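A.B. asks: Input: one structure, supplied below.
Here, each number is a calculation from the coordinates, and none is a lab measurement. Computed from a predicted model, the values in this text were never measured in an experiment. Quick reminder, even Gly has a Cβ in these numbers, built from the backbone with ideal geometry, and neighbours come from all protein chains shown.
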Amino acid sequence: MPPWESNCRRYFPIIHVLQADLKGFSQLPASDGERLCPIIPLAQANGAHRFDNTLRKVREAISGKSNRFIADLADDLGQSLPIGDMKDVHRDLQRLASSANSYAEWRKFICENEDMVPTIRIGAATADHELDAQVDDFLKLERGIVIRYRPRRQGAIIPKIQHVIRRIAREKALGSLLIVVDLEDIRESLTPSAVAEAIITDCAVAAGGHEIIAATAATSFPTGFNGVATEVNEYPIVERQLNNSVASTMRDSNVRVLYSDYASARIRVKEQRGGTGYPRIDYAVKSSWYSNRQKDGLDGADGYKAAAESIIDCDGWIEELDIYGANMIREASEGVLEKRAYAKFWVGVRINLHLHAQARYHDSSEELIEAAKEDDWDD
């Protein structure tokens, strides 16, 4: 059964195969798994020389939260590496990305891994018969099929997407298809929402009046931060505004609109170590991120302690929220910062809070708090 067949599962976050992202996901309450299913672009996990180790880290992260994930391939599969730096994991990933024999290796890989929901390999040069081979194999699995369309990278491939939609419609299986319109980095919602609506409308035309299921994806997480140590700044989650706008516009059409984002992360392919920037802690709620950075403030562990104290005092703080991310902030405010006084750790904290808030976006504040009480979390 496709994950989106459940009416309560409306959230499909794009999770990088990076330590912070996987840690943040792994610490979610188990019940959040009923509300979300991750899209994971497979790539080399940190330190992994073999592809099996990447898959192991992914499965460890989602264990107990989601029994399946939507499998895609990342853009950077080591193609630009010198031969001497190429690892087995890169060779395996490049083999999966090959279009030979209608993406035979990708089709075989998906069929052999029952916890994976497939994405269609699609591009401007993809022939119709290559798309048909994927659709035919993946429909037989009855796990669902995903098209992830990134117009900035993939260009004008709407006719290819429409071909897939018509092919699936002929099988009376449109409920098995999720179309993710991924607009990547955005800073405002007006133009991106118009782009997404036009793409989804083109998809709906190909469906011939039958219902389609689509999600918008993007990230607006800031690339730069304002303020000094005495301030907590609030930043809107523009990707949620984008989704709300598209859902409102499509309300009276044969389109069911779901939600996707980058889990409050920027688009990146490698771990970011934080450099020498100011200590900063971010806190995610349903529609905003709150952030305190210690510019003109304290350094090191003292800076993270001060940032945590500021976050706890801000208007957005939910005192009763008993979840990993919130508890890490509470402990930091008490000076518990051994092996935590570095930026990457706090990325995982923010991702954990963001995923929980978006998975529970349609819940009341009381339901959001109650859902977090069910599970223990790990240090």
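A.B. asks: Taking H placed 1.01 Å from N in the peptide plane, check which residues at least 5 places from residue 42 or on another chain put their amide H under 5 Å from its amide H.
C.D. replies: Those qualifying (amide H under 5 Å, at least 5 residues apart or on another chain) are 72, 73, 74.
A.B. asks: Compute the angle between helix 238-249 and the longest alpha-carbon principal axis of the chain, please, reported from 0 to 90 degrees and rounded to the nearest 10.
C.D. replies: Relative to the chain, helix 238-249 is tipped by roughly 40 degrees.
A.B. asks: On to the next question. Using 0.36 nm per residue of separation minus the Cα-Cα distance, give me the extension gain between residue 336 and residue 100 in nm, one decimal.
C.D. replies: 79.7 nm
A.B. asks: Distance between the C-alpha centers of the range 143-163 and the range 283-304? Whole Å please.
C.D. replies: 38 Å
A.B. asks: Oh, and also: Go ahead and estimate [θ] at 222 nm for the chain from helices alone: -39,500 (n - 2.57) per DSSP H run with n ≥ 4, summed, over the residue count, rounded to 500.
C.D. replies: Roughly -12000 deg cm²/dmol at 222 nm, from the helical runs in the chain.
A.B. asks: With respect to the cross-link table entries 23/339; 108/140; 23/344; 57/87; 57/373; 87/344, which display a Cα-Cα separation exceeding 22 Å?
C.D. replies: Distance filter (> 22 Å) returns 57/373; 87/344.
A.B. asks: Between 0 and 90 degrees, rounded to the nearest ten: what's the tilt of helix 300-312 against the longest Cα principal axis of the chain?
C.D. replies: That works out to roughly 80 degrees.
A.B. asks: What is the set of long-range amide H partners of residue 117 at a cut-off below 5 Å, with H atoms built 1.01 Å from backbone N?
C.D. replies: The answer is 69, 70, 71.
A.B. asks: Taking the chain as a Gaussian network, Cα atoms linked when under 10 Å apart, which of 130, 234, 142 shows the biggest mean-square fluctuation?
C.D. replies: Per the Cα network of the chain with a 10 Å cutoff, 142 tops the list.
A.B. asks: Mind ordering 25-34, 345-354 by average Cβ neighbours within 10 Å, highest first?
C.D. replies: Highest to lowest by the protection proxy: 345-354, 25-34.
A.B. asks: Same structure, new question: For helix 158-170, report the angle its Cα long axis makes with the longest principal axis of the Cα atoms of the chain; keep it between 0 and 90° and round to the nearest 10°.
C.D. replies: Roughly 70 degrees, rounded to the nearest 10.
A.B. asks: Among 37, 203, what is the fewest-to-most ranking by other Cβ atoms within 10 Å?
C.D. replies: Ranking 37, 203 by Cβ neighbours within 10 Å, fewest first, gives 203, 37.
A.B. asks: Applying the Karplus parametrisation 6.51 cos²θ - 1.76 cosθ + 1.60 with θ = phi - 60° to the phi angles of the range 195-209, what ³J(HN,Hα) value in whole Hz is obtained for each residue in order, glycine and proline being reported as x?
C.D. replies: 5, 4, 4, 5, 5, 5, 4, 4, 5, 5, 4, 5, 7, x, x
A.B. asks: Another one. Could you check the simple spin-label distance between residue 184 and residue 154, using points 7 Å along Cα→Cβ, in nm with one decimal?
C.D. replies: 1.3 nm
A.B. asks: Scan around residue 180 for amide H atoms under 5 Å from its own, H built in the peptide plane at 1.01 Å from N, and keep only partners 5 or more places away or cross-chain.
C.D. replies: The list, which skips near neighbours in sequence, is 147, 148, 149, 215.
A.B. asks: In sequence order, what are the phi-derived ³J(HN,Hα) couplings for the range 340-347 according to the Karplus relation 6.51 cos²θ - 1.76 cosθ + 1.60 with θ = phi - 60°, rounded to whole Hz, with x for glycine and proline?
C.D. replies: Those phi angles translate into 10, 8, 8, 4, 4, 4, 7, 5 Hz.
A.B. asks: Let me check I have the definition right: for the chain, take the eigenvalues of the Cα gyration tensor, multiply each by 5, take square roots. What are those semi-axes in whole Å, largest first?
C.D. replies: That gives 35, 24, 19 Å for the three semi-axes.
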